[in-house]
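Remarks on the structure that follows.
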Amino acid sequence: MEKTKNKINWKRELKMLPGYLVVIAYVAFMVIMLVWIFGASLSTSREIFTGKVLEFQSGFHWENYVTAWKTQNVSVFFGNSLLYSVVSCAGVLLISAPAAYVLSRWKFRGSQTIRILLVIAMSVPAIMIIMPLYSLAVKWGIKGRILLIVLYIFMRVPYTAIYMLDFFATLSHDYEEAAAIDGCSANKTFWVIMLPLIQPAIITVTIFNFLSTWNEFFMALIFTSGKEMTPVGVGLLQIVNSMKYSGNYGGLFAAVIIVFLPTFLLYLFMSRRIISGVTAGGVKG
Amino acid sequence: MKKNRTLIFLFMAPTVICLLLMYVYPVLRTVAMSFFRVESVTADMGLWRFNGVDNYVKIFHNSGFIISLRNFLAIWIVGGVITLALSLLIAVILTSKIRFQGFFRAAIYLPNVISAVALATMWVQYIFNYDYGLLNQLVTFLGFDKVRWLGTDAKLWAMIAAFIYGSIGYYMLIYISGIEGIPTDLYEAATIDGASKGKQFFRITLPLLKGIIKTTITFWTINAATFYLWSKLFSPVQTEGSTIVPVIYLYDTVFGGKGVVERDAGAGAAVGVVLTLIIIAVYIVTDKLLKSSDLEY
Amino acid sequence: MKKLLSIVLVAVMVLALGCTAFADGTEITYWSMWNEGEPQATVIAEAAEAYEAETGVHVNIEWKGRDINTLLSAALESGEDFDLFDDDYTRIGQVYAPYTYDLTEMAEAAGYEGYACFNNQAIAWAGYLNSLPEQPNVGGVFYDKAAFETAGIEAAPATWAEFLDACAKLKDAGIDPLAQDDAYCNFTFYYHLVRYLGEDGIAELRENGGWADNEKAVQAVQDLIDLVNAGYLAEGAPDAYPSSQNKIGLGLAAMVVCADYVTAEVNANTGTEVDWGMFNYPTVEGGASADAYMGANSLAIPSYSEHAQEAFDFALFLTTGEWGQKLADDCHQIPADPTNECTSLPGAVETLLAAEKPMSWCGELNTHPAWQTMRDMFVEMFEGKYESGAEFCAAMDALYE
């Protein structure tokens with residue numbers, strides 16, 4: 001494999017030309033977009049609205065970044081998104097892994113119903129459940145970060161449980177029998193022996209859950225009731241809106257870059273992992 | 001293995017609570033609510049007034065809802081066909097003997113990690129702009145008249161195009177993993193038999209990807225049904241007919257939009273029910289279609 | 001035991017009394033519709049500090065942004081703990097009214113007058129005064145005085161004929177007469193229709209249809225179609241907001257039909273200081289109304305607030321006098337206190353004071369089941385998709401079947 005890489009077989013490459021064109025066009029377009037956004041973040045509103053983004057006639061307006069950073073709580077938004085994603089990923093595992101294990105091992109009264117419910121729940125659209133959840137949250141006085149954390153955990157439980165169920169099902173019963181002979185309780189067997197055995201699946205599903213929680217928007221919009229609990233997506237929309245109302249479009253795109261950059265860097269380092277996670281996660285679902 | 005009732009109970013309880021609280025109760029309540037006159041979303045059941053199917057009559061007589069359904073169908077069918085076809089094409093390209101596979105995969109998936117808010121703002125303010133936008137620059141360069149990309153005729157399609165561009169990477173990855181799961185000796189055998197690349201695609205790749213295609217259709221359906229953010233960003237001041245989608249309609253109906261003071265949570269619930277029924281119908285149809293053609297090989 | 005208990009009780013009481021006396025006192029919570037970083041938010045935050053320095057009352061501000069309307073209903077219904085909020089006065093008057101504080105007595109005691117048009121409207125909706133304007137808006141035609149000078153237009157047009165005349169002059173001078181963004185097509189349309197039919201006339205049409213049989217309605221639409229066909233719209237209009245209105249700041253277009261905030265928006269978007277003028281939307285021959293659009297973002301207090309007086313005092317502190325002036329100046333808006341001066345748009349205060357009944361944004365039309373289709377049709381009309389007023393009105397009637 002390594003060897004063929006060094007030697008370019010021009011004839012074969014030529015055959016692949018249409019393929020190259022398609023992906024290169026796609027990527028080139030993205031580069032244009034990113035360059036434009038970056039250029040806009042260093043321009044004045046007037047330059048943006050006259051199509052002179054990449055000319056920088058009035059110099060580079062780094063102060064857009066200062067305004068965008070200072071006037072908004074970008075760091076708070078990031079902190080919240082990170083908190084939501086990390087905590088809910090852990091919470092989802094704690095809830096769904098045991099359930100998936102039990103469902104894969106035993107049949108009991110209601111086990112079939114629960115399985116079916118999990119599959120159905122996976123595809124219930126948010127708007128079908130959002131109104132009763134809203135009134136429950138108000139009635140029980142649940143608000144703040146904990147509300148979104150709980151919602152995000154519950155939102156990912158069905159998918160995660162179904163996903164892990166298949167993996168537990170492939171594990172041999174010998175493990176438990178051996179553990180039982182050694183006098184290991186069923187509870188301990190699960191946490192110490194069985195759960196680590198499906199580690200690859202756990203990593204995959206966690207990446208998947210992390211991304212969907214990080215990107216979640218609608219729930220966050222409905223249930224966010226203040227700065228201190230706003231995640232990045234909704235926060236960016238607020239920044240974009242306030243920059244729009246005050247006519248600071250340069251600041252708007254600076255905010256976009258500020259929010260984009262950490263995610264992008266993380267992605268650069270993790271892209272292999274993320275991609276394999278999404279790939280595996282998608283196929284199973 | 002021996003049944004351990006305590007363990008089963010303890011291990012299952014959180015999931016069952018989750019199912020009941022997050023799904024069963026809300027779905028039932030939404031269904032019930034859709035048959036009542038409910039003004040505020042937080043109103044106690046005591047304040048609900050039964051009004052039969054009036055909510056459904058109301059939304060189906062509202063052009064906002066009808067247009068939103070139409071737009072949903074356009075996003076789902078047209079957007080779906082293009083997205084899934086393009087991402088399959090790119091997946092095939094990126095699993096062939098092309099160079100820089102890793103780079104291209106990462107780059108094409110990139111829009112999924114950029115915030116949609118940022119992407120949509122850029123599309124509206126730059127790509128589709130009438131005076132200096134990228135597309136109109138291209139159009140005038142080619143010697144044509146400028147196009148109103150965000151006019152009433154084209155806006156929905158402009159929005160769908162932007163959405164497709166950002167979505168392809170995700171479906172591409174799913175297809176790639178499917179293709180990589182196909183045993184390579186199948187292709188080798190086909191090559192020896194003299195089958196062309198195209199033939200191999202239709203005879204081997206496509207049939208073996210059937211399960212994956214079904215998955216992607218399901219994912220796309222959920223995406224289209226929950227489509228919200230792009231529509232909001234493409235109509236920045238207030239909801240517009242050309243880009244309205246069911247979720248936006250529901251949001252405005254339940255919470256009231258700009259200049260709209262009427263709130264109707266009952267009608268909102270009816271919207272949710274109708275949309276869910278559509279999704280169920282889609283599942284059944286795709287399931288039937290993709291199953292019946294299983295017999296081919 | 002008893003003795004001990006009474007000592008403890010006394011101690012607690014003393015402590016409690018001491019607390020109210022010594023503590024930096026009351027704290028009021030204000031849910032704001034602004035976002036941090038907006039000029040309004042900056043002024044409000046400063047005003048809150050000044051207010052605390054003066055009275056010792058701490059104002060705890062929570063910036064909720066424009067989506068505050070999704071929070072308010074539920075928050076008010078469930079008795080959430082806050083003392084002051086702001087939103088569109090239409091919604092405060094109509095939706096939140098059951099949960100808002102009656103400000104009548106406090107306003108009287110403070111000698112508050114404000115604008116009669118908004119107060120009357122609030123009372124008409126809620127049955128009592130339930131909101132104080134914070135950011136009044138007035139609609140009309142906003143124009144670049146320099147462009148008018150270049151084109152040799154001396155007096156602001158008052159009638160539709162004069163308006164068309166001005167358009168012709170502007171076009172001759174090489175300036176696009178009227179900017180029009182898609183988001184405001186319904187506004188311009190409604191304005192013109194009001195001129196012919198009045199809001200009651202439109203309400204009648206909304207209810208029963210019959211657009212094509214209504215000569216005035218047909219004529220109103222025909223006027224606008226003629227305007228489009230004469231080429232008086234700016235290049236690319238109806239454009240995606242805010243592209244078209246920005247053209248005024250870029251010196252490419254001269255006028256726009258909107259509310260006064262358009263001036264600050266255009267100035268900021270294009271980095272210019274346009275010399276803005278404003279005139280009332282032109283009247284038509286045999287017309288029914290010359291009303292101007294007026295609206296406001298207003299402050300209100302939940303009916304259950306325990307610090308209603310403090311909240312009211314802060315609201316007054318913010319919107320009148322020195323801070324009211326600063327709010328008007330820094331945010332380029334019309335002062336909420338008529339005794340202040342409007343620096344962004346001379347004459348706006350007088351217009352508001354003279355008005356008895358404001359024209360609404362789109363009346364009851366936006367509750368029509370086919371409203372979304374109508375909105376699209378208004379844009380399409382400006383795009384030149386309808387041949388005549390009769391054709392358009394027939395299409396409107398078709399929506400009633």
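The values are calculated or read from the model by the stated rules, or taken from the named source; none is laboratory data. Everything quoted here is computed from the prediction, not taken from an experiment. Using ideal geometry, Cβ is built from the backbone for each residue, glycine included, and neighbour counts are taken over all protein chains shown.
Would you point out which residue out of C:246, C:229 is of a type in the set (S, T, N, Q) and surrounded by fewer than 24 Cβ atoms within 10 Å (Cβ to Cβ)?
On inspection, the qualifying residue turns out to be C:229.
Taking the condition of being surrounded by fewer than 22 Cβ atoms within 10 Å (Cβ to Cβ) and over 21 Å from residue C:233 (Cβ atoms), how many residues in the stretch C:372-395 meet it?
Adding up the residues that qualify gives 3.
Scanning the stretch C:262-285 for residues that are at the interface with chain A (Cβ under 9 Å from one of its Cβ atoms) and either surrounded by fewer than 20 Cβ atoms within 10 Å (Cβ to Cβ) or on the phi > 0 side of the Ramachandran plot (or both), which turns out nearest to the chain's Cα centre (by Cα)?
So the residue we want is C:264.
Determine the pairs where a residue that is within 16 Å of residue C:253 (Cα to Cα), located within the stretch C:265-294, has a partner that is modelled with pLDDT under 90 and aromatic (Phe, Trp, Tyr) with Cβ atoms under 8 Å apart, the partner being 6 or more residues away or on another chain.
C:265/A:245; C:269/A:49; C:269/A:249; C:270/A:49
Do we find a residue being more than 9 Å from every other protein chain (Cβ to nearest Cβ) and over 30 Å from residue A:150 (Cβ atoms) anywhere in the stretch A:66-80?
yes
Enumerate the helices (runs of 4 or more DSSP H) found wholly within the stretch A:201-284, keeping only those where 3 or more residues are closer than 23 Å to residue A:51 by Cα and in contact with a Phe, Trp or Tyr (Cβ under 7 Å, 6 or more places away or on another chain).
Result: A:249-284.
Only residues that are modelled with pLDDT of 85 or more, in contact with a Gly (Cβ under 9 Å, 6 or more places away or on another chain), in a loop (DSSP other than H, G, I, E, B) and more than 17 Å from residue C:121 (Cβ to Cβ): list them for the stretch C:346-372, please.
Residues satisfying the conditions are C:369, C:370.
Within the stretch C:78-97, can you find the residues that are more than 20 Å from residue C:317 (Cβ to Cβ), within 22 Å of the chain's Cα centre (by Cα) and of a type outside the set (Phe, Trp, Tyr)?
C:88, C:90, C:91, C:93, C:94, C:95, C:97
Give the stretch C:247-261 a look and list any residue that's within 11 Å of chain B (Cβ to nearest Cβ) and free of Cβ contacts under 8 Å to residues at least 60 places away in the same chain, or say none.
Once the filter is applied, which keeps residues that are within 11 Å of chain B (Cβ to nearest Cβ) and free of Cβ contacts under 8 Å to residues at least 60 places away in the same chain, the stretch C:247-261 yields only C:250.
Only one of these conditions is not met by residue A:274: (1) farther than 20 Å from residue A:34 by Cα; (2) at pLDDT below 85; (3) within 14 Å of chain C (Cβ to nearest Cβ). Which number is it?
Tallying (1) farther than 20 Å from residue A:34 by Cα; (2) at pLDDT below 85; (3) within 14 Å of chain C (Cβ to nearest Cβ), residue A:274 fails exactly one: (3).
Scanning for something modelled with pLDDT of 90 or more, assigned to a loop (DSSP other than H, G, I, E, B) and closer than 18 Å to residue C:166 by Cβ, does the stretch C:247-256 turn up at least one residue?
Looking through the stretch C:247-256, at least one residue is modelled with pLDDT of 90 or more, assigned to a loop (DSSP other than H, G, I, E, B) and closer than 18 Å to residue C:166 by Cβ.
Criterion first (within 11 Å of chain B (Cβ to nearest Cβ) and either of a type in the set (Phe, Trp, Tyr) or free of Cβ contacts under 8 Å to residues at least 24 places away in the same chain (or both)) does residue A:14 satisfy it?
no
What do you reckon, is residue A:25 more than 8 Å from chain B (Cβ to nearest Cβ) and farther than 22 Å from residue C:269 by Cβ?
Yes.
Please verify whether residue C:395 is at pLDDT 90 or above and on the phi < 0 side of the Ramachandran plot, treating the condition exactly as stated.
Here the answer is yes, as residue C:395 does meet what is asked.
Taking the residues in the stretch B:96-110 that are at the interface with chain A (Cβ under 7 Å from one of its Cβ atoms) and in a helix (DSSP H, G or I) as candidates, determine which candidate is nearest to the chain's Cα centre (by Cα).
Among them, the one singled out is B:109.
Mind checking whether some residue in the stretch A:246-259 is crowded, with 21+ Cβ neighbours inside 10 Å, without any contact (Cβ under 8 Å) to a residue 24 or more places away in the chain and facing chain C (nearest Cβ under 10 Å)?
yes
Run down A:92, A:119 and say which single residue is assigned to a helix (DSSP H, G or I), touching a Lys or Arg at 6+ places or on another chain (Cβ under 6 Å) and more than 9 Å from chain B (Cβ to nearest Cβ).
A:92
Give me the residue from the stretch A:168-197 that is under 18 Å from residue A:98 (Cβ atoms) and in a loop (DSSP other than H, G, I, E, B) and, out of that set, nearest to the other protein chains (Cβ to nearest Cβ).
A:173
Just give me the residues in the stretch A:182-210 being in contact (Cβ under 8 Å) with a residue 40 or more places away in the chain and of a type in the set (Phe, Trp, Tyr), in sequence order.
If the condition is that a residue be in contact (Cβ under 8 Å) with a residue 40 or more places away in the chain and of a type in the set (Phe, Trp, Tyr), then A:190, A:208, A:210 are the ones that fit.
In the stretch B:197-231, which residue that is under 18 Å from residue B:69 (Cβ atoms) and either without any contact (Cβ under 8 Å) to a residue 40 or more places away in the chain or not in a helix (DSSP H, G or I) (or both) is farthest from the chain's Cα centre (by Cα)?
Selected residue: B:228.
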